[in-house]
Amino acid sequence: MSSLRDGARVRVLHVTPECAPMTKTGGLGDVSEALPAALRAAGVDAMTLLPGYPAVLDHVGGAREAARLNLLGFECRLLRADPLIVVDCPPLYARDGGPYHTPDGQDWDDNALRFGVLSRAAARLGGARSPLDWRPAIVHCHDWPAGLAPVYLRDEPERAASVMTIHNVAFQGNYDPALLPTLELAGALFTLEGLEFYGRLSFLKGGIVYADAVTTVSPTYAREIQTPELGHGLDGLLRHRSGVLSGILNGIDTLAWNPATDPHIARRYDAQSLELKAANKAALQKCMNLEADTGVPLLGLVTRLTHQKGVDLVAAAAEELAALPAQLALVGKGEREMEKGLSAVAARRPGRIGVQIAFDEEFAHLVEAGADLFLMPSRYEPCGLNQMYSQRYGTLPVARATGGLIDTVEDGVTGFLFEEASKEALLAAVQRALAAYAEPARWRRLQRAGMERDFSWSAAARRYADLYLKLARLPQR
């Protein structure tokens, strides 16, 4: 590996608000678990800093106290259980609910403080004032909750270099600028060139402005966020920083998502035994109360029920999809109106459309194995994971041509892409897919082409290791 040829073992601190399996709301949790592990396998000395939520503290068990710090007025303990460093601060993190939301789904009203403390801890560990003997050369910040770390780092002596990874530019962490003193941020930082974003204090903008390098989770998304359509107001800044911006495609956990060894599916199979996949289709049809008809193509979808994910397009097309004929198995939860609308559609077409308003990681594996096609009609998709899972399971994705979907699905070869975010374009792509489904030999070629793709984390780890070593060689900061 080129990054490590000279024997360097770069120390990198990943800073994240979530990390599977302890805490996860989406793809960020998976990335925060898998990327550091892939980096360690490649020879990078990678550790992960995250908040001490109850599930995290349960996971680290008897972790030793490594230091005590006062961070933004809060007395915090740093617990070390390699490769994790946990910020234990009960007033901020010892509560029910998720990383960002109360049990009833509302934002925690002190999120700015909760993630300001996380960012402050990261900056302290990335400079000469760190209380730990393990000092990173790179502080790698994930999404807006870690966005203030590069801002704080600028005042740390002998500071580490910083990387800011944007997982979804739509989520920015924008707050009342009255919080500047509470967050120990100088008023002089609140300018158009600094933290100010349409009159608000923006965590994500701070990270983009002050980081030494900015990355995002696919090459296409790196280009898209520099446009007014998908930059969510930050496109001008991202164009300005384009010289340090790159897109590095996420990988997937190829051990957990492997149809040959998957414990969560009805029958295991591989590219040479695709006929066994039919047992999973039958099991999925039974679980979703669909007709046991092996000749009808089954379309799967596992997603958050949001406008971004294009679920409204599926709802609008659902009855026409059922009439093709096809079956639809949709699993997810999200916006209440979408949940109600999809449930109503399923009630009108029993046996053809099955909807499960829930999310179950294990059941998601059966959907991937049991469906013939997997729908991903996202309006934008920074990277996406399910299209990679689907190809690995011989389940061809029908996806909108955006973000990481463009970078991972080859139209007509490993899946089917469509351009316009409309019901009509979705239906046309499904009809193209069903034409291939009607030709068994062609269908098998498409399935096997997808199953042969390498979506492991090793390529991303190499790219990040190269970036780290380049930053670590910069002149003393």
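Which one is nearest to Asn168 (Cα to Cα) among residues in the stretch 224-253 that are under 20 Å from the mean Cα position of the chain (by Cα) and surrounded by fewer than 17 Cβ atoms within 10 Å (Cβ to Cβ)?
His232
For residues in the stretch 314-332 being farther than 25 Å from Pro259 by Cα and within 30 Å of the chain's Cα centre (by Cα), which is surrounded by the fewest Cβ atoms within 10 Å (Cβ to Cβ)?
Ranking the candidates gives Ala316 first.
Can you tell me how many residues in the stretch 87-110 are part of a strand (DSSP E or B) and under 21 Å from the mean Cα position of the chain (by Cα)?
2
Restricting to the stretch 249-290, name every residue that is touching a Pro at 6+ places or on another chain (Cβ under 8 Å) and closer than 30 Å to Glu224 by Cβ.
Leu249
Return yes or no: is Gly341 farther than 18 Å from Glu291 by Cβ and either among the small types (Gly, Ala, Ser) or more than 28 Å from the chain's Cα centre (by Cα) (or both)?
Considered against the rule, which asks whether it is farther than 18 Å from Glu291 by Cβ and either among the small types (Gly, Ala, Ser) or more than 28 Å from the chain's Cα centre (by Cα) (or both), Gly341 comes out as yes.
Which one of these is modelled with pLDDT of 95 or more and among the hydrophobic types (A, V, I, L, M, F, W, C): Leu426, Leu474?
Leu426
From the list Ala399, Ala421, pick out the single residue that is within 16 Å of Gly300 (Cβ to Cβ) and either part of a helix (DSSP H, G or I) or touching a residue at least 12 places away in the same chain (Cβ under 8 Å) (or both).
Result of the check over Ala399, Ala421: Ala399.
Would you say Glu291 is modelled with pLDDT under 95, out of contact with any Lys or Arg (no Cβ under 6 Å at 6 or more places or on another chain), at negative phi and surrounded by fewer than 15 Cβ atoms within 10 Å (Cβ to Cβ)?
When the stated conditions are applied, Glu291 does not pass them.
Can you find even one residue in the stretch 63-80 that is under 22 Å from the mean Cα position of the chain (by Cα), outside any loop (DSSP other than H, G, I, E, B) and surrounded by 15 or more Cβ atoms within 10 Å (Cβ to Cβ)?
No: zero hits.
When you look at Asp372, is it among the charged types (D, E, K, R) and crowded, with 17+ Cβ neighbours inside 10 Å, yes or no?
yes
One line per residue, one yes/no per condition, for (1) touching a Phe, Trp or Tyr at 6+ places or on another chain (Cβ under 7 Å); (2) surrounded by 24 or more Cβ atoms within 10 Å (Cβ to Cβ); (3) modelled with pLDDT under 95:
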position: Leu125; (1), (2), (3): no, yes, no
position: Ala128; (1), (2), (3): no, no, no
position: His140; (1), (2), (3): no, yes, no
position: Val151; (1), (2), (3): yes, yes, no
position: Asn168; (1), (2), (3): no, no, no
position: Tyr175; (1), (2), (3): no, no, no
position: Ala188; (1), (2), (3): no, no, no
position: Thr191; (1), (2), (3): no, no, no
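Can you tell me how many residues in the stretch 98-107 are surrounded by 14 or more Cβ atoms within 10 Å (Cβ to Cβ) and more than 11 Å from Ala55 (Cβ to Cβ)?
1
Residue-by-condition table, conditions (1) in a helix (DSSP H, G or I); (2) in contact (Cβ under 8 Å) with a residue 40 or more places away in the chain; (3) under 30 Å from Ala160 (Cβ atoms):
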{"site": "Leu417", "(1), (2), (3)": "no, no, no"}
{"site": "Val430", "(1), (2), (3)": "yes, yes, no"}
{"site": "Ala441", "(1), (2), (3)": "yes, no, no"}
{"site": "Ala460", "(1), (2), (3)": "yes, yes, yes"}
{"site": "Leu467", "(1), (2), (3)": "yes, yes, yes"}
{"site": "Leu474", "(1), (2), (3)": "no, yes, yes"}
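Which of the residues belonging to the stretch 29-84 are of a type in the set (Lys, Arg), touching a Lys or Arg at 6+ places or on another chain (Cβ under 7 Å) and within 18 Å of Val139 (Cβ to Cβ)?
Listed by number, the list holds a single entry, Arg80.
Quickly run through the stretch 35-48 and pick out the residues that are farther than 18 Å from Asn168 by Cα and either crowded, with 23+ Cβ neighbours inside 10 Å or in contact with a Ser or Thr (Cβ under 9 Å, 6 or more places away or on another chain) (or both).
Passing the criteria: Pro36, Ala38, Leu39, Ala41, Ala42, Gly43, Val44, Ala46, Thr48.
Is there a residue in the stretch 143-155 that is within 24 Å of Leu39 (Cβ to Cβ), in contact with a His (Cβ under 8 Å, 6 or more places away or on another chain) and touching a residue at least 24 places away in the same chain (Cβ under 8 Å)?
yes
For the stretch 230-243, which positions are more than 24 Å from Leu471 (Cβ to Cβ) and either of a type in the set (Asp, Glu) or not in a loop (DSSP other than H, G, I, E, B) (or both)?
Residues satisfying the conditions are Asp235, Gly236.
Against the condition free of Cβ contacts under 8 Å to residues at least 40 places away in the same chain, more than 22 Å from Arg400 (Cβ to Cβ) and touching a helix residue (DSSP H, G or I) at 6+ places or on another chain (Cβ under 6 Å), how does Ala260 come out, does it pass?
Against the criterion (free of Cβ contacts under 8 Å to residues at least 40 places away in the same chain, more than 22 Å from Arg400 (Cβ to Cβ) and touching a helix residue (DSSP H, G or I) at 6+ places or on another chain (Cβ under 6 Å)), Ala260 does not qualify.
The values are calculated or read from the model by the stated rules, or taken from the named source; none is laboratory data. Treat the numbers as computed from the prediction; the structure is a model and nothing was measured. Note that each Cβ is placed from the backbone with ideal geometry, even for glycine, and that neighbours are counted across all protein chains shown.
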